[in-house]
1. Which numbered condition trips up Ala43, out of (1) surrounded by fewer than 16 Cβ atoms within 10 Å (Cβ to Cβ); (2) at pLDDT 95 or above; (3) assigned to a helix (DSSP H, G or I)?
2. Restricting attention to region 49-80, and to residues there that are among the hydroxyl-bearing types (Ser, Thr, Tyr) and farther than 16 Å from His33 by Cα, which single residue is nearest to the chain's Cα centre (by Cα)?
3. Could you check how many residues of region 24-40 are of a type in the set (Gly, Ala, Ser) and assigned to a helix (DSSP H, G or I)?
4. Determine the pairs where a residue that is within 14 Å of Leu21 (Cβ to Cβ), located within region 44-71, has a partner that is of a type in the set (Asp, Glu) and part of a loop (DSSP other than H, G, I, E, B) with Cβ atoms under 6 Å apart, the partner being 6 or more residues away or on another chain.
5. Residues in region 63-76 that are outside any helix (DSSP H, G or I) and surrounded by fewer than 16 Cβ atoms within 10 Å (Cβ to Cβ): how many?
6. Return the residue satisfying two criteria in turn: it lies in region 77-86 and is touching a residue at least 24 places away in the same chain (Cβ under 8 Å) and closer than 21 Å to Trp44 by Cβ, and of such residues it is surrounded by the most Cβ atoms within 10 Å (Cβ to Cβ).
Amino acid sequence: MSLSLCYIQAPAYAPSIPNILTEFGVRLREMRHERKLSEVDLAWRIGITRAHLQDIEEGAETIDLDMLSMISGALNISVSTALAGL
């Protein structure tokens, strides 16, 4: 008896499930606007370029916990507040 496996690449996320990076980016942009910060101002506070911040806000860039912590600190919110509702 032999067993063969067929590998089928699944999409990174199901189409019906929102992409968490995109959702976080939208939330980040909203929080930045609420605080009346420009992209340049927030990027400077975090220590990244404006282009890098744009990529994060568009959901095109993955972030790690360190970056999440820096973003939260720059916005004067907790990490849990930054992630609430995602």
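The values are calculated or read from the model by the stated rules, or taken from the named source; none is laboratory data. Not measured: the values here are computed from a predicted model. Using ideal geometry, Cβ is built from the backbone for each residue, glycine included, and neighbour counts are taken over all protein chains shown.
1. Against the list (1) surrounded by fewer than 16 Cβ atoms within 10 Å (Cβ to Cβ); (2) at pLDDT 95 or above; (3) assigned to a helix (DSSP H, G or I), Ala43 comes up short only on (1).
2. Taking the candidates together, the pick is Thr62.
3. Selection size over region 24-40: 1.
4. Asp55/Glu61
5. 2
6. Per the stated criteria, the residue is Ala82.
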